[in-house]
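Report on the following structure.
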Amino acid sequence: MSRNRLFLVVALLAAIVVVAGGFFLGVQPQLTAASDNDGQRVAIEQRNQQSRLELAKLREENKTLDAQKQALAVLHASVPSTVSTAGFYRELNAVAAASGVTISSITTADPVAYTSPESSADDASASAGNDAAPMPATDATVTAANFSTIAVSVGVTGSFDQARAFLKGVQTGERLFLVTNITSSAETSGEESSAATWTFGGTIYVLSGDPAAVPTTAPSPSSSPDTEG
């Protein structure tokens with residue numbers, strides 16, 4: 001091989017090395033960076049699309065915001081964050097006037113910390129020896145720390161129809177009043193139209209996110225329907 005040809009081969013090899021080095025040192029990093037940027041662009045676009053969907057959902061929900069606020073106000077009045085027996089007494093008086101009965105007594109017990117129905121069901125099952133007792137529905141956010149029950153007894157005088165109207169009124173009123181027992185004693189005859197004394201026993205409720213906001217004691221039980229609690 002002549003010296004000139006040898007120099008040409010060496011020059012070609014050197015050129016190949018330079019080109020290859022330039023590719024790996026310059027072009028390849030740029031290609032990698034471009035690929036990474038493209039991946040980031042796709043990820044950002046996906047996040048933007050998700051944000052657009054969430055924004056559209058919020059816009060739709062905002063259209064019902066007023067209705068949701070009204071529903072929340074109804075629920076809050078149904079189970080308030082304080083004992084609020086004074087308002088409950090006023091509601092009972094209004095229902096009594098509308099139904100034609102006369103309230104003879106109202107008594108309210110001290111608030112009692114909530115006990116999960118699961119515990120009660122477990123105790124009942126253990127006592128009865130029945131492991132297949134159905135479990136009531138519960139909510140983990142409702143606990144003894146933020147939920148209280150208040151036993152209530154309301155005595156009224158009136159006819160059967162009047163007492164029934166009163167019962168319907170208190171069970172569909174603003175404050176949730178769960179009536180669990182009813183007793184009656186006729187004052188005249190056994191006819192439905194005759195006057196009788198009716199006693200409705202049940203429970204009202206207090207729900208508060210702050211346990212300190214739920215008093216541990218209620219107003220002293222009173223026989224006066226106009227007593228402020």
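So the values come out like this:
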quantity: Enumeration of residues in the stretch 133-173 that are in a loop (DSSP other than H, G, I, E, B), over 23 Å from the mean Cα position of the chain (by Cα) and of a type in the set (S, T, N, Q); calculated: Ser159
quantity: Odd one out for Ala73 among (1) among the hydrophobic types (A, V, I, L, M, F, W, C); (2) touching a residue at least 12 places away in the same chain (Cβ under 8 Å); (3) not in a loop (DSSP other than H, G, I, E, B); calculated: (2)
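Coordinate-derived values only; no laboratory data. Computed from a predicted structure; not experimentally measured. Note that each Cβ is placed from the backbone with ideal geometry, even for glycine, and that neighbours are counted across all protein chains shown.
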